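The values are calculated or read from the model by the stated rules, or taken from the named source; none is laboratory data. Since we're looking at a predicted model, the values are computed, not measured. Every residue, glycine as well, gets a Cβ built from its backbone with ideal geometry; the counts of neighbours run over all protein chains shown.
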Amino acid sequence: MRGRPLLYTQYEDEQALLPSMTRKVMVAVLFAVALTIPFQLIPGLDFLASSGWLILLNRALIFAIGALGLNILVGLAGQVSLGHAFFMGVGAYAAVYLGGEASGSQIGLGLPIWIWLPAAGIAAALVGIIVAPTSVRVRGLYLAIVTLGLVFIGEHIFRNWSSLAGPAELGRVWPALEFRFWKEETALIDFDSDGVWFGIELLKEAKIFFLMLVLAALFTVLAKNLARTRIGRSFAAIRDRDIAAEVMGVADAKAKTQAFAISSFYAGIAGALLASVVGRLPPEQWSLFLSVQFVAIVLIGGAGTVAGVLLGSFFVVLLPRLVENLSGVLAHSAEGDGWFQPIADFFVARSTDDFGLVFLGADGPGLTTDQLNAVLYGLLIALFLIFEPLGLFGIWIRIRNYWKGWPFTY
Amino acid sequence: MDMMFLAQVGSTSTEILISKIVDGLALGAVYALLALGFVIIYKATQVLSFAHGALSAVGAYLVSYFAVVWNIGGRVAGGAPQTIQFFISAIVGIAAAAVVGIVIERLFIRPMIGQPIFSIAMITIGLDIMLRTIGNDFIGQGANRSLGQTSLATGDTIGAPWGLTNFDLGGITIPHSYLATIVVAVFAMVGLALFFRSRTGIAMRATAFDQEAAMAQGISAGRIFALAWGIGAALAAIGGAFAAIPPRNFGVNNFTAFIALRAFPAIILGGLDSIIGAVVGGFAIGLAEVLTGHYLASFTDTIGIGFNTIVPYLLMLLVLVVKPYGLFGTPEIRRV
């Protein structure tokens with residue numbers, strides 16, 4: 001059926017993870033390009049191999065894992081949650097209890113990664129099941145506020161459980177990403193220090209990048225596959241019309257609990273990975289802002305779509321860097337004398353008594369770059385939802401449809 | 001954040017209880033004002049505004065700006081008592097906050113009519129981040145640094161006339177500002193009750209009940225939406241301003257916006273769409289927070305420091321397990 005991508009003659013074809021040859025090729029190319037990033041093989045992308053950019057890419061991949069989980073709950077099952085940060089925290093602290101070293105008053109068992117990483121997900125899923133009875137009973141906006149309450153209760157527990165979470169505002173050291181069979185001295189695979197793999201010298205960020213790429217790919221496939229299983233379909237039925245779903249024999253409470261558990265599992269894994277990669281996180285990290293970031297990823301990317309959520313993660317994580325670079329460029333133009341100078345000067349305050357929306361120094365008129373980030377972030381969430389409710393994925397669909405019919409408009 | 005300057009030396013336990021109850025009622029009045037704003041916006045427009053925290057901080061900042069920097073009260077009525085002067089400035093600040101609310105409604109909420117409720121709620125989260133950041137930039141680090149006010153001793157960073165003065169009723173000390181909070185909140189509630197009986201108020205109730213039928217009767221739904229946001233923002237400003245005066249806090253700071261987050265349990269406790277519920281929920285949460293803060297203070301080893309700040313959420317979870325639509329909320333009737 002070449003040339004007629006929308007014609008399916010077999011049910012299996014329509015249900016395939018990647019239904020068309022174009023998509024198969026595109027995903028394969030994308031994955032291959034991603035794999036080459038640390039080796040600087042592709043001319044335009046060689047700047048990404050620096051450790052600073054790799055750290056950001058790793059963070060984006062970890063956020064993608066967490067956001068895929070939230071997408072299952074929000075996009076697939078239609079249950080609104082602001083409690084994702086809480087479940088990430090549960091996962092992270094399960095990881096640090098099982099994998100961390102006991103020192104002083106801090107507890108830790110020092111177990112290897114193949115125990116603490118899955119356990120982080122399972123612990124978060126269990127907590128998800130425990131809190132589900134309160135969440136399953138309430139609907140819509142009530143649920144959003146209940147899960148908001150979870151974040152505050154969780155933050156309180158983490159902040160006060162210093163033998164687990166370490167001192168407030170300082171936190172404790174998470175286990176490094178090293179693969180061991182048991183507690184032997186040298187790690188079998190060490191992701192946490194620079195070294196040589198197969199004769200190629202690699203930064204530790206590059207090693208972590210490979211690990212994260214594989215994990216993110218694995219969880220993407222799992223998430224995409226879930227949507228076509230019996231469980232995934234029951235989620236979609238609950239989302240579309242819960243009463244109709246119940247009439248058809250979908251157990252409402254059971255499906256919602258499952259959605260919470262699966263979403264929390266993803267969150268737990270993402271939380272453990274995030275903490276392990278950063279190394280040391282304060283208990284205040286698992287706050288409402290983190291939850292909002294994840295909801296923003298799902299909504300900016302496009303709720304319910306896996307590709308959109310992946311795009312959204314990179315967008316939200318890389319946005320601060322873009323804003324920083326942009327204000328740097330603006331500041332540079334404000335100093336020069338090109339045609340752009342007056343516009344740039346309007347935005348940038350060059351000295352403490354100059355007018356401008358942004359000031360690059362620590363303290364002066366206008367916003368700092370951090371504050372500009374936050375403002376842009378909030379503005380983008382609002383504008384996206386007003387102008388493109390389907391998010392980045394919707395923009396992609398529009399571009400695709402434009403070229404499909406080109407040169408005709410439809 | 002919360003500083004207790006109540007003299008408790010030599011007080012009996014009953015006297016402490018009474019002053020704590022007044023303290024709790026004053027905090028409850030702040031929550032009730034914030035919760036009322038939430039509920040009015042929700043009832044009229046079906047929007048749950050997460051931007052309320054930012055609105056309360058911005059409103060409180062505007063009040064302090066007009067009272068301290070511009071001193072509008074002093075310019076208009078120089079000879080009048082300080083309380084009158086403050087109220088004049090405060091009304092100007094509250095009106096300015098209402099304008100902010102109306103502008104938000106027009107720019108960001110109006111285009112979203114008919115969209116899923118959570119998309120709109122998410123927009124208000126975006127607005128909250130934006131407003132809070134810009135507001136905090138004006139407020140600066142610490143209490144009101146940008147206003148050049150450092151007079152912690154008199155505690156007049158927001159321009160309120162009460163400072164740290166107390167009523168002393170033989171063992172029971174009640175700060176003037178607490179009483180002022182309760183009185184103003186009660187006035188605001190009575191005012192709202194009267195407003196809902198007026199022509200515009202009835203129009204708002206009609207719109208909340210059935211938008212289409214209201215429009216068929218010649219009510220402009222858009223104007224009602226703007227009005228609801230204006231009233232909501234004004235109530236948020238009053239709540240924020242009273243949360244920022246001593247002895248509870250010394251001026252507007254970067255944490256003022258977070259107080260409104262604890263008003264969420266209040267509206268859920270009472271029910272999202274119930275005005276009475278917002279008031280009852282607000283006072284209940286305020287009392288619970290202050291009383292647990294005082295009476296469980298000796299258990300911090302087991303329950304942790306700052307346990308009283310999560311009591312509202314625990315109370316909310318407890319009520320929701322029993323009544324999923326809050327104490328006074330309208331249950332959604334579902335039949336299979």
I'd like the full set of residues that are surrounded by 14 or more Cβ atoms within 10 Å (Cβ to Cβ) and under 14 Å from B:G222 (Cα atoms), limited to the stretch B:187-204. B:A203, B:M204
Wholly enclosed helices (runs of 4 or more DSSP H) of the stretch A:78-168 bearing at least 3 residues more than 19 Å from the chain's Cα centre (by Cα) and within 10 Å of chain B (Cβ to nearest Cβ): A:113-137, A:141-160
Single residue of B:L55, B:L25, B:L33 found to be surrounded by fewer than 22 Cβ atoms within 10 Å (Cβ to Cβ) and under 16 Å from B:A243 (Cα atoms): B:L25
Which of (1) within 14 Å of chain B (Cβ to nearest Cβ); (2) surrounded by fewer than 21 Cβ atoms within 10 Å (Cβ to Cβ); (3) of a type outside the set (D, E) is the odd one out, the single condition A:K183 does not satisfy? (1)
Just checking, which of B:I129, B:I174, B:I109 is more than 8 Å from chain A (Cβ to nearest Cβ), at pLDDT 75 or above and either within 19 Å of the chain's Cα centre (by Cα) or crowded, with 23+ Cβ neighbours inside 10 Å (or both)? B:I109
Would you confirm, using the coordinates I've provided, whether A:G308 is surrounded by 15 or more Cβ atoms within 10 Å (Cβ to Cβ), assigned to a helix (DSSP H, G or I) and touching a residue at least 40 places away in the same chain (Cβ under 8 Å)? yes
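Looking only at the stretch B:51-67, decide whether some residue is facing chain A (nearest Cβ under 10 Å) and modelled with pLDDT of 80 or more. I'd like the intermediate steps shown before the answer.
We begin by selecting, within the stretch B:51-67, every residue facing chain A (nearest Cβ under 10 Å); these are B:51, B:54.
Subsequent filtering for residues that are modelled with pLDDT of 80 or more retains B:51, B:54.
Checking the stretch B:51-67: at least one residue is facing chain A (nearest Cβ under 10 Å) and modelled with pLDDT of 80 or more.
Tally time: how many residues in the stretch A:235-254 are over 29 Å from A:L61 (Cβ atoms) and within 26 Å of the chain's Cα centre (by Cα)?
Applying the first criterion (over 29 Å from A:L61 (Cβ atoms)) to the stretch A:235-254 yields A:237-238, A:240-254.
Then drop every residue that is not within 26 Å of the chain's Cα centre (by Cα), which leaves A:237-238, A:240.
Here the count works out to 3.
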Looking at the stretch B:64-116 only, could you name the residues that are without any contact (Cβ under 8 Å) to a residue 12 or more places away in the chain and among the basic types (K, R)? B:R75
Which residue, of A:L330, A:L318, A:L311, is over 18 Å from the mean Cα position of the chain (by Cα), farther than 21 Å from A:I145 by Cα and at pLDDT 75 or above? A:L330
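Would you check which residues across the stretch A:252-270 are in contact (Cβ under 8 Å) with a residue 12 or more places away in the chain and farther than 17 Å from A:T147 by Cα and list them? Outline the logic, then answer.
Looking only at the stretch A:252-270, we keep the residues that are in contact (Cβ under 8 Å) with a residue 12 or more places away in the chain, and these are A:252-253, A:255-270.
Those that are in contact (Cβ under 8 Å) with a residue 12 or more places away in the chain and farther than 17 Å from A:T147 by Cα: A:D252, A:A255, A:I269, A:A270.
Could you pull out the residue among A:I231, A:I243 that is at pLDDT below 90, out of contact with any Leu (no Cβ under 9 Å at 6 or more places or on another chain) and either assigned by TED's automatic domain parsing to the domain that holds A:H84 or more than 26 Å from A:A120 (Cβ to Cβ) (or both)?
Details: A:I231 fails: at pLDDT below 90.
Exactly one residue qualifies, and that residue is A:I243.
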For the stretch A:205-235, enumerate the residues that are of a type outside the set (A, V, I, L, M, F, W, C) and surrounded by fewer than 18 Cβ atoms within 10 Å (Cβ to Cβ). A:K224, A:N225, A:R228, A:T229, A:R230, A:R233
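Restricting to the stretch A:275-291, give me the number of residues that are in contact with a Leu (Cβ under 8 Å, 6 or more places away or on another chain), assigned to a helix (DSSP H, G or I) and surrounded by fewer than 24 Cβ atoms within 10 Å (Cβ to Cβ).
Filtering the stretch A:275-291 for residues in contact with a Leu (Cβ under 8 Å, 6 or more places away or on another chain) gives A:275-277, A:280-282, A:288, A:291.
From the residues that got through so far, the ones that are assigned to a helix (DSSP H, G or I) too are A:275-277, A:288, A:291.
If we keep only those that are surrounded by fewer than 24 Cβ atoms within 10 Å (Cβ to Cβ) as well, we get A:277, A:288.
Summing the residues that are in contact with a Leu (Cβ under 8 Å, 6 or more places away or on another chain), assigned to a helix (DSSP H, G or I) and surrounded by fewer than 24 Cβ atoms within 10 Å (Cβ to Cβ) in the stretch A:275-291 gives 2.
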Going through (1) within 14 Å of chain B (Cβ to nearest Cβ); (2) without any contact (Cβ under 8 Å) to a residue 24 or more places away in the chain one by one, A:V214 fails only at (1)
So the check is Cβ under 9 Å with 6+ separation or different chains; which pairs have a first residue in the stretch A:275-304 that's closer than 24 Å to A:G171 by Cβ and a second one that's surrounded by fewer than 24 Cβ atoms within 10 Å (Cβ to Cβ) and among the basic types (K, R)? A:V277/A:R59; A:V278/A:R59; A:P282/A:R159; A:P283/A:R159; A:E284/A:R159
